[in-house]
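Following: one structure in structure tokens, then a few remarks.
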Amino acid sequence: MSGHVRRTSNESGRQALWLGLGIGAAWGVPAFFADKAHAQFVPTPLHVNTGSTKSSSHEPATFQADHVSYDDHAGVVTWTGNVQVWQADHILRADKITYDRNTGLIAASGNVASTQPDGSVLFSHYAELTGDMRDGIMTQVHALLPENAKLAANGMRRTGGKLNDMSRAVYTACEICKKNPARAPFWQLRSYDATQDLQHQRIDFRDVYMDILGVPVMYLPFFSITDPSAKRHSGFLMAGITPHDRYLGTYFTIPYYWVIDDQSDITLQALIATKTGPQLSAQYRNRFNFGQLSILGGIAYDTNSHHGYTNDFGDSVGSQNDKGIQGYVFAKGMFSINRTWRAGFNVRLASSANYMRDYRIQGYGSDTLNSDAFIEGFGTGAYSRLDGQFYQGLNQGVIRNSDLPFVLPHYQYSFLSQPDILGGRFSVDTQDFNVYRSTGARDQRGEVQLNWNRPFRSSWGQKFLFTARLDSMIYRGTHLYQQPNYYRYAKTATEGQVVPTLAIKMNWPFLRTFDKGRGTQILEPIVQGIWAPNMGDGADRNMPNEDSLSYEFTDSTLFALNRFQGTDRIDGGLRANVGIHGNWTWNGHVVDVLVGESFQEHIQKDRIPYSGLNHHLSDVVGRARIEPTQYFSVTGRARVDPKTGRVNFGDALFSLHGPHFGINGGYLYEPVTPYYYYVNDYRQGNPPSVYYQRTSEISGGVSTTWANWHTSGFARRSLSRKEFVSLGGDVGYQNDCLGLDVMYIKQYTRIGGQSRHSTVLFTLSLKTIGAFGIK
């Protein structure tokens with residue numbers, strides 16, 4: 001029968017509701033409602049502090065049961081048969097619930113389950129609570145928490161609506177075997193007793209053992225974790241230990257996480273080392289409605305002495321006076337001004353490169369630390385950006401801070417129109433900047449680039465692209481006799497150039513099918529003609545060069561209007577580029593080939609050696625991609641001198657993978673080392689000998705996965721120097737609740753005085769508890 005509200009039902013329903021809230025405040029899963037009659041009422045609030053999401057006590061409370069009985073003489077109300085009581089998102093289910101008005105005792109028995117909105121659920125054989133439901137006991141408790149965590153205990157006592165004390169508690173986040181529930185999970189915590197602090201969202205265990213596959217492997221007198229229902233919680237994170245480090249010795253890290261409010265937090269970390277002084281670092285994060293902010297910084301007392309060394313140029317690098325108080329700041333922010341404009345900054349500063357090396361600050365090993373601040377806007381087909389840039393050198397043996405520039409301001413604008421009445425698109429681009437160096441060239445540039453593209457087709461299937469382009473730049477430079485240009489002009493120079501470019505490109509694809517229509521073949525001749533004034537390399541006119549120091553002629557730049565990376569130098573003259581592209585595709589097999597060559601009337605003076613364009617007839621460039629199956633692919637590129645047959649550039653990549661394994665590899669060949677070309681005044685003579693050292697490297701890796709196991713390994717070896725650059729491997733195991741990983745890396749290179757070194761990293765991750773690592 002369905003319950004009907006009579007004279008005492010409001011009071012009985014009110015107490016039963018708070019039974020649900022009293023137990024269910026820390027647990028919850030959805031309840032399954034029977035389609036039966038029910039009654040509603042508004043209970044009197046009891047202000048139970050459960051530490052969980054609160055629902056209004058004035059909302060209607062509803063009970064539902066198969067049978068309701070009243071004993072007015074004994075003062076007992078009894079609900080039986082699929083009893084359900086809920087208010088808002090709080091639910092209590094049991095086979096039987098009784099309320100004794102004389103003693104204030106509420107008892108629930110038979111498949112007791114209580115829930116709350118966070119998805120937690122608590123199961124019990126019997127629950128008995130008194131008074132305002134802030135105190136009570138439960139027997140045979142089983143809890144299902146968020147993140148698939150599980151907690152079980154022989155009994156539980158609830159005190160003050162804030163603490164749940166449990167005896168003989170067991171905790172795990174592993175799946176329980178469905179066929180044999182009595183089998184021990186992969187890992188579990190067994191404790192003599194435990195306390196769940198609902199207010200502070202923590203679970204404390206005492207006299208606790210950690211079991212792996214049912215075998216005790218560790219004992220701790222006390223262990224505390226964050227309640228899995230807590231999304232963010234202040235407290236200490238897992239400590240770290242590194243037994244040996246070249247610069248720190250043995251060191252420990254102790255992190256603490258502090259939740260400031262719903263949108264911001266701070267992570268503090270103390271580092272204590274045996275070879276040098278301590279370090280304190282912190283990371284602050286804040287998310288606003290209009291952007292986000294992150295600040296990472298640290299301060300340390302570095303006691304290491306740093307000795308000088310000799311770099312690859314034979315130059316002596318003296319010792320650095322960077323002991324004592326050291327620090328770093330990495331800050332990043334992005335803020336929306338309106339729907340069109342936003343501003344941001346990225347600041348990366350450190351007191352010294354050796355400090356970053358000693359304390360393993362992320363970013364060491366790079367050549368520079370880059371900082372900038374900007375404002376940018378987006379429009380229909382348009383983009384505008386104003387920024388300033390700053391660089392700090394880290395490779396002290398090659399890059400000095402005095403050689404690096406300040407770029408302030410730097411302005412960029414791009415616009416691309418819709419198709420005009422002639423079917424073409426018009427674009428405008430500009431890159432304007434002011435560059436300042438303490439030692440080196442100082443210059444300013446203003447630029448406007450106008451471009452018009454008009455594609456069209458012929459009746460024979462040819463695809464044409466006509467391009468008209470105008471580059472105009474004006475420069476003002478001083479100290480041009482210093483790096484990076486090393487001109488023989490010591491005065492202030494004001495120069496400019498206007499370079500028109502006309503180009504026509506034709507693609508003529510021939511298409512056929514074969515293998516009964518299951519395959520396609522494309523044979524596509526490509527011809528391009530380009531005309532522009534031959535401007536030389538700009539040295540005779542003392543034009544600064546900031547963005548065109550690098551030059552690359554490969555298959556990717558064969559049909560580029562300008563093969564320099566920027567516009568300070570224009571690839572001028574009358575030239576023609578020809579190539580042929582072929583593609584065969586059938587039954588999942590792919591073969592794609594491109595071969596081409598360039599013909600130029602003029603040869604620019606002082607062309608970079610081994611560029612491939614030192615003669616009227618260029619090197620032959622090519623690319624081939626072969627995929628015989630979906631599991632294997634190889635891509636190779638090369639540049640070959642047609643007169644001598646010498647390979648001036650080459651690289652290759654291959655990949656072979658299957659359901660449980662993967663193999664990849666690569667090869668790179670370069671007859672010179674371009675990085676060293678610009679750090680010396682090569683106009684005083686030939687480039688340094690290290691520039692002509694070949695770069696010939698091979699690299700590869702292998703990885704396998706099987707069930708829960710994974711392994712991988714990699715190696716990189718310099719064939720020209722006959723030594724390894726780096727190698728390493730990784731072995732790990734991962735299941736639904738545990739991760740175990742061991743990684744080894746050997747680095748053979750020397751950067752900024754740092755010698756070769758090895759790193760071993762061991763990481764153990766336990767779901768809902770945290771990760772512990774030893775390096």
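Bear in mind these aren't lab numbers, they're just calculated from the coordinates by the rules spelled out. From a predicted model like this one, the values you see are computed outputs, not experimental measurements. Note that we place each Cβ from the backbone using ideal geometry, even for glycine, and neighbour counts take in every protein chain shown.
Table for the structure above
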{"read-out": "Descending semi-axes in whole angstrom, ellipsoid equivalent of region 699-774, from the Cα gyration tensor", "value": "30, 17, 6"}
{"read-out": "Candidate lysines - alpha carbon under 22 Å from residue 775, same-chain residues fewer than 8 apart omitted", "value": "275, 746, 767"}
{"read-out": "Within region 713-727, backbone nitrogen closer than 16 Å to the virtual label 7 Å beyond the Cα of residue 661 toward Cβ", "value": "713-714"}
{"read-out": "Span from the region 630-672 Cα centroid across to the region 527-557 one, whole angstrom", "value": "28"}
{"read-out": "Over region 335-376, relative contact order from alpha-carbon pairs under 8 Å, at least 6 apart, %", "value": "50"}
{"read-out": "Options 720, 768, 701, ranked by Cα towards positive dipole end of region 699-774, top entry (Cβ charges)", "value": "720"}
{"read-out": "Average Cα contact separation per residue, the chain, under 8 Å, 6 or more apart, as relative contact order %", "value": "5"}
{"read-out": "Between helix 9-24 and the chain: long-axis angle, C-alpha atoms, 0 to 90°, nearest 10", "value": "40"}
{"read-out": "Debye intensity ratio I(q)/I(0), log10, region 370-416, q values 0.20, 0.27 Å⁻¹ (C-alpha model)", "value": "-0.69, -0.92"}
{"read-out": "Helical mean residue ellipticity (222 nm; -39500 (n - 2.57) per DSSP H run of 4+; nearest 500) of the chain", "value": "-1000 deg cm²/dmol"}
{"read-out": "Estimated dipole of the chain in Debye, rounded to 20 [Cβ of Lys and Arg +1, of Asp and Glu -1, Cα centre]", "value": "980"}
{"read-out": "Over region 143-219, equivalent-ellipsoid semi-axes from the Cα gyration tensor in Å", "value": "23, 14, 11"}
{"read-out": "Per the chain, cysteines lacking a partner by the 4.7 Å Cβ criterion", "value": "177"}
{"read-out": "Calculated Cα Rg over 2.2 N^0.38 Å (choose from [x] 1.02; [y] 1.32; [z] 0.97), label", "value": "[y]"}
{"read-out": "Equivalent ellipsoid semi-axes, region 349-507, via Cα gyration tensor eigenvalues times 5, rooted, Å", "value": "40, 22, 16"}
{"read-out": "Nearby aspartates and glutamates by direct alpha-carbon distance to residue 463 (threshold 18 angstrom, same-chain neighbours under 8 apart not counted)", "value": "524"}
